[in-house]
1. Filter the range 22-33 for residues that are in a helix (DSSP H, G or I) and more than 26 Å from the chain's Cα centre (by Cα); which is nearest to residue 6 (Cα to Cα)?
2. Out of all the residues in the range 164-172, is one or more within 22 Å of residue 13 (Cβ to Cβ), touching a helix residue (DSSP H, G or I) at 6+ places or on another chain (Cβ under 6 Å) and in the same structural domain as residue 112 (by TED's automatic domain parsing)?
3. State all residues of the range 178-229 that are in contact with a helix residue (DSSP H, G or I) (Cβ under 9 Å, 6 or more places away or on another chain), within 17 Å of residue 162 (Cβ to Cβ) and not in a helix (DSSP H, G or I); if no residue qualifies, say none.
4. Please determine whether any residue of the range 195-205 is without any contact (Cβ under 8 Å) to a residue 12 or more places away in the chain, exposed (fewer than 15 other Cβ atoms within 10 Å of the Cβ) and not assigned by TED's automatic domain parsing to the domain that holds residue 15.
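The values are calculated or read from the model by the stated rules, or taken from the named source; none is laboratory data. These numbers were taken from a predicted model, which means no experiment stands behind them. Virtual Cβ from ideal backbone geometry, glycine too; neighbours counted across all protein chains shown.
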């Protein structure tokens, strides 16, 4: 991984706590890396649109206030590595506060789940079939019981798409990510569906699981949803904008 990707992953929230600590220690111990980081943050400022002009000016002022230290003659030059590192620390904090940290994929998935998947749509009818009873259990927060009902429906009819979608969603909520992916991949293979959210839910599950490589795969799937104009296209666009 090159330095640019390494720095970007830090700001995207992809690092573990140990990796974050290593990154921040490197700022202080590696002057060349500190310079790269300062350049990256300054470039990020310049790439913001005109609505961020005032904030960019603040960032540049902070950069200029620290930059002259490295050019002072005499003994100060011997302190160059430390001055660069100190300047970079100021800049990274300023950049963090001014531009904000992009939420990581797991946090974005949490936000989507809490906002969109707390309740499943209920069919208004005087008669509740088995699917509606399972949905009612889900909406009451009885997730294991709901999953048992949805899985029972699939045992009766393995091609039942709604039961498959909802089984995957319950597994996602229960943090059974591999099972959720299996349900959504089965759903993806159902070419008879006019509207199929399988790719979107696969990406959401990968974002939430957040294993190595999951974030990149999730991005690819979200982009496919957008490019192919599939179900959940608008939601996919929003997630791409917020993180990627």
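1. Taking the range 22-33 as the starting set, the residues that turn out to be in a helix (DSSP H, G or I) are 22-29, 31-33.
Cutting the leftovers down to more than 26 Å from the chain's Cα centre (by Cα) gives us 28-29, 31-32.
Details: 28: 16, 29: 16, 31: 16, 32: 14 Å.
So the residue we want is 32.
2. To start, the set of residues in the range 164-172 that are within 22 Å of residue 13 (Cβ to Cβ) comprises 172.
Imposing the further condition that a residue be touching a helix residue (DSSP H, G or I) at 6+ places or on another chain (Cβ under 6 Å) reduces the set to 172.
With in the same structural domain as residue 112 (by TED's automatic domain parsing) added as a condition, the list becomes 172.
Yes: the range 164-172 contains one or more residues that are within 22 Å of residue 13 (Cβ to Cβ), touching a helix residue (DSSP H, G or I) at 6+ places or on another chain (Cβ under 6 Å) and in the same structural domain as residue 112 (by TED's automatic domain parsing).
3. 189, 190, 192, 193, 196, 197
4. In the first step, residues of the range 195-205 are kept if they are without any contact (Cβ under 8 Å) to a residue 12 or more places away in the chain; the result is none.
Checked the range 195-205: no residue is without any contact (Cβ under 8 Å) to a residue 12 or more places away in the chain, exposed (fewer than 15 other Cβ atoms within 10 Å of the Cβ) and not assigned by TED's automatic domain parsing to the domain that holds residue 15.
Yes or no, residue by residue, for (1) over 22 Å from residue 243 (Cβ atoms); (2) at pLDDT 95 or above; (3) surrounded by 14 or more Cβ atoms within 10 Å (Cβ to Cβ):
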position	(1), (2), (3)
146	yes, yes, yes
150	yes, yes, yes
207	no, yes, yes
210	no, no, yes
217	no, yes, yes
